[in-house]
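Down below is the structure, laid out as structure tokens.
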Amino acid sequence: MKIGVLAMQGAFREHIKSLAALGVQGVEIRHANQLESIAGLIIPGGESTTIGKLMVEFNLLDPVRHLAGGGLPIFGTCAGMVLMARDIIGSDQPRLGLMNARVQRNAFGRQVDSFETDLEIPALGPAPFHAVFIRAPYLEAVEPPAEVLATFNGKIVMAHQGNFLATAFHPELTDDLRVHRYFLGMIK
Ligand code: GLN
């Protein structure tokens, strides 16, 4: 089984390492024809405007949307979460727009640009997940069938909708593999 990791910009290598630690091959995706043989796709953190622009340039938005509609599991982290949301507050930047969610970018404010915290994520079991947030977004609202998996200070930072998963934080930057394992569990 191969998992594609969108490699336009951002933290794609780290996701490939997390997948390797789980014994799964991650492949860098830069062209639509590379999407053919993958069982799932990760949209990494980085800069969502840049990643979106490059997805337009490389003609990737429609092929990914098409596969998403056919059930391909897709997991977006941080900028990836922004690209997964249907509504991006105050922005008309390119996006996949797959999840019934409204996202606020750079949402935790300048003072707390980046921070780490232990999150309760019941879907991953009782042990808290050490989460790294870097200029992170949060979801201001989700609508069914999207559901909330984790919140931080009342803000939605992890959500699930059918074959889609999104985290505001960066699970690829820690050794805890439970979020990646959860995503692999979404693959039939
Ligand atoms: N603030 C970035 C954006 O909106 C996301 C930051 C990240 O991915 N670490 O694209």
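Every number in this text was worked out from the coordinates using simple rules, so none of it is lab data. No experiment lies behind these values; they were computed from the predicted model shown. Don't worry about glycine lacking a Cβ; one is built from the backbone with ideal geometry, like all the others, and counts go over all protein chains shown.
Among what's in segment 108-135 and is within 11 Å of the ligand (Cβ to nearest atom) and without any contact (Cβ under 8 Å) to a residue 60 or more places away in the chain, pick the residue that is surrounded by the most Cβ atoms within 10 Å (Cβ to Cβ).
At the first step, the residues of segment 108-135 found to be within 11 Å of the ligand (Cβ to nearest atom) are 108, 113-114, 132-135.
Checking the rest, the ones that are also without any contact (Cβ under 8 Å) to a residue 60 or more places away in the chain come to 108, 113-114, 132-133, 135.
On the way: 108: 21, 113: 12, 114: 11, 132: 17, 133: 24, 135: 17.
Once the filter is applied, the top-ranked residue is 133.
Out of 46, 97, 23, 69, which single residue is over 15 Å from the mean Cα position of the chain (by Cα) and on the phi > 0 side of the Ramachandran plot?
23
Which of the residues that make up segment 34-72 are of a type outside the set (A, V, I, L, M), under 22 Å from residue 105 (Cα atoms) and in a helix (DSSP H, G or I)? Please lay out each step first, then the result.
Step one: filter segment 34-72 for residues of a type outside the set (A, V, I, L, M), giving 34, 36-37, 40, 44-50, 52-53, 57-59, 62-63, 65-66, 69-71.
Subset that is under 22 Å from residue 105 (Cα atoms): 44-50, 52-53, 65.
Selection gives 48, 49, 50, 52, 53, 65.
How many residues are over 15 Å from residue 184 (Cβ atoms), hydrophobic (A, V, I, L, M, F, W, C) and either assigned to a loop (DSSP other than H, G, I, E, B) or in contact with a Gly (Cβ under 6 Å, 6 or more places away or on another chain) (or both) when one looks only at segment 2-22?
First, pick out the residues of segment 2-22 that are over 15 Å from residue 184 (Cβ atoms): 6-14.
Still in the running and hydrophobic (A, V, I, L, M, F, W, C): 6-8, 11-12.
From what's left, either assigned to a loop (DSSP other than H, G, I, E, B) or in contact with a Gly (Cβ under 6 Å, 6 or more places away or on another chain) (or both): 7-8, 11.
Qualifying residue count, segment 2-22: 3.
Of (1) more than 21 Å from residue 153 (Cβ to Cβ); (2) in contact (Cβ under 8 Å) with a residue 60 or more places away in the chain, residue 81 satisfies all except one. Which?
(1)
List every residue pair whose Cβ atoms lie under 6 Å apart, where the two residues are 6 or more positions apart in sequence or sit on different chains, the first residue falls within segment 41-55 and is closer than 15 Å to residue 13 by Cα and near the ligand (Cβ under 7 Å from one of its atoms), and the second residue, located anywhere, is in a loop (DSSP other than H, G, I, E, B) and not charged (D, E, K, R).
Sorted first by the residue in segment 41-55, then by its partner, the pairs are 45/10; 45/11; 45/78; 45/170; 46/9; 46/10.
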